[in-house]
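Only one structure is covered here, and it is reproduced in the block below.
The values are calculated or read from the model by the stated rules, or taken from the named source; none is laboratory data. Owing to the predicted nature of the structure, the values given are computational and were not obtained by experimental measurement. Here the Cβ positions follow ideal geometry from the backbone for every residue, glycine too, while neighbour counts run over all protein chains shown.
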Amino acid sequence: MRLDRDSVGQGYFEHAVYNHWDPYEDIPQSDLEADREKMINDEDLTEEEFEEYMLVLALFGAGEEAVAEDLAPLAIALDDIDDQMFITSQLYEEAKHTQFFDRYWREVVLPVADERGFEATYPTNQRFFNEEYIDLFEKNEAAMELLLTDDTPENRAKAYCHYHLVVESVLAQTGYYGLTSLFSPGGNDNVPQRDFPHLEGLTQGVTYIRSDEGRHVGFGMQKIQELIAGEGVDPQVVQDTLQELMPHVANTVSRFTEATDPVPLVEYSRDKLTRRIEIITNADAEIPDVETLVEIDDAPDTATADD
Ligand SMILES: [Fe+2]
Ligand SMILES: [Fe+2]
């Protein structure tokens, strides 16, 4: 047979197909309209808070766009059909995430700015992008592109660390955690500086995206574990790479101070990183199955969540 249905790649691919969602059909226009109305009618909303709301959405939009572009070298480097099939689903999903954030900006952010008399700008405005954030994505791009010219087990492990663990897991998951805490009944009540409206459209989109990301991160973690166990990559390389990139995340998260208390967010991102290192570098740790791995990133922040 061509495909190995017991392989990591095929298992995640099947999971992706089964959990397919549509960024237009599955997030009804009425939910985005409700988000828009709630933001327009939130009398306490200041322009500084709105700037931070734009900031998080702009960083996400740019991040999703960048990861969609930067994944291509890995698709070329991987030679196993099951892994290639999974990466194809991941590329498609990153494109869908980009589409959701673009739609949200058009349907909610711009009309709210217009109604409230706030400065309306585009998510590509350079003011949203701090140097540490830009550097992180440049390093990510370089680590992925290196696979085209120097595809060694160590370089592959580093590429997964940059892309799947730091950008997709630590940075993105911290962002989702912040959004969920501010704009849904879930998350951590200590993160928002005040009560914000519950934005169902945003929360729905984020929930779908988080579930996809859980799968992506799970795949990256499995691959790093395989590289350590089977290809002799030193776990210290993984640990060093993750720790080297952490200041980029902390610096970016620390920018959120108006609507958000950055302290619990930075703590959350550090915990995420520590948990990744523990799972990956523990040689005795059992490799969890697909559902468990998806869950690792999908939900379980009970240790830091209030609800
Ligand atoms: Fe994504
Ligand atoms: Fe992803």
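Can you name the residue in region 196-237 that is closer than 24 Å to Thr46 by Cα and of a type outside the set (Ser, Thr, Tyr) and, of all such residues, is nearest to ligand 1 (Cβ to nearest atom)?
Initial filter on region 196-237 (closer than 24 Å to Thr46 by Cα): 196-203, 206.
From what is left, the residues that are of a type outside the set (Ser, Thr, Tyr) are 196-202, 206.
On the way: Phe196: 24, Pro197: 25, His198: 23, Leu199: 19, Glu200: 21, Gly201: 18, Leu202: 15, Val206: 11 Å.
The extreme case among them is Val206.
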Checklist entry - Looking at region 199-241, which of its residues are in contact with a Pro (Cβ under 8 Å, 6 or more places away or on another chain), of a type in the set (A, V, I, L, M) and not in a helix (DSSP H, G or I)? => result Val233
Item to check | Selection count where residues are under 23 Å from Asp80 (Cα atoms), among the small types (Gly, Ala, Ser) and not in a loop (DSSP other than H, G, I, E, B), scope region 1-47 | outcome: 3
Item to check | Filtered residue count, region 169-195, keeping only those that are assigned to a helix (DSSP H, G or I) and either more than 16 Å from ligand 1 (Cβ to nearest atom) or more than 18 Å from Asp240 (Cα to Cα) (or both) | outcome: 12
Next on the checklist: I'm told Asp102 meets every condition in (1) part of a helix (DSSP H, G or I); (2) buried (at least 21 other Cβ atoms within 10 Å of the Cβ); (3) at pLDDT 95 or above except one. Can you identify the failing condition by its number?
Outcome noted: (2)
Checklist outcome for this item: If you go through Phe183, Phe129, the only one that is surrounded by fewer than 23 Cβ atoms within 10 Å (Cβ to Cβ), away from ligand 2 (no atom under 16 Å from the Cβ), aromatic (Phe, Trp, Tyr) and within 22 Å of Tyr268 (Cα to Cα) is Phe129
Next on the checklist: Of all residues being outside any helix (DSSP H, G or I) and among the aromatic types (Phe, Trp, Tyr) in region 119-166, which is nearest to ligand 1 (Cβ to nearest atom)? Just the residue, please.
Outcome noted: Phe129
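Would you please name the residue that is nearest to Glu69 (Cα to Cα), looking only at residues in region 81-99 that are hydrophobic (A, V, I, L, M, F, W, C), surrounded by fewer than 21 Cβ atoms within 10 Å (Cβ to Cβ) and away from ligand 1 (no atom under 12 Å from the Cβ)?
Met85
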Next on the checklist: I'm trying to understand the selection: among the residues of region 280-307, which are modelled with pLDDT of 60 or more and crowded, with 16+ Cβ neighbours inside 10 Å?
Outcome noted: Ile280, Thr281
Next on the checklist: What's the total number of residues in region 48-79 that are closer than 20 Å to Gln173 by Cβ, more than 14 Å from ligand 1 (Cβ to nearest atom) and in a loop (DSSP other than H, G, I, E, B)?
Outcome noted: 0
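I'd like to know if region 65-75 contains one or more residues that are away from ligand 2 (no atom under 13 Å from the Cβ) and surrounded by fewer than 17 Cβ atoms within 10 Å (Cβ to Cβ). Don't jump to the end; show me each part of the working.
Step one: of region 65-75, the residues away from ligand 2 (no atom under 13 Å from the Cβ) are 72-73, 75.
Pick out the ones that are also surrounded by fewer than 17 Cβ atoms within 10 Å (Cβ to Cβ) and you get 72, 75.
There is at least one residue in region 65-75 that is away from ligand 2 (no atom under 13 Å from the Cβ) and surrounded by fewer than 17 Cβ atoms within 10 Å (Cβ to Cβ).
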Item to check | Every pair of residues 6+ apart whose Cβ atoms lie under 7 Å, when the first sits in region 203-217 and is over 18 Å from Ser181 (Cβ atoms) while the second is within 11 Å of ligand 1 (Cβ to nearest atom) and not in a helix (DSSP H, G or I) | outcome: none
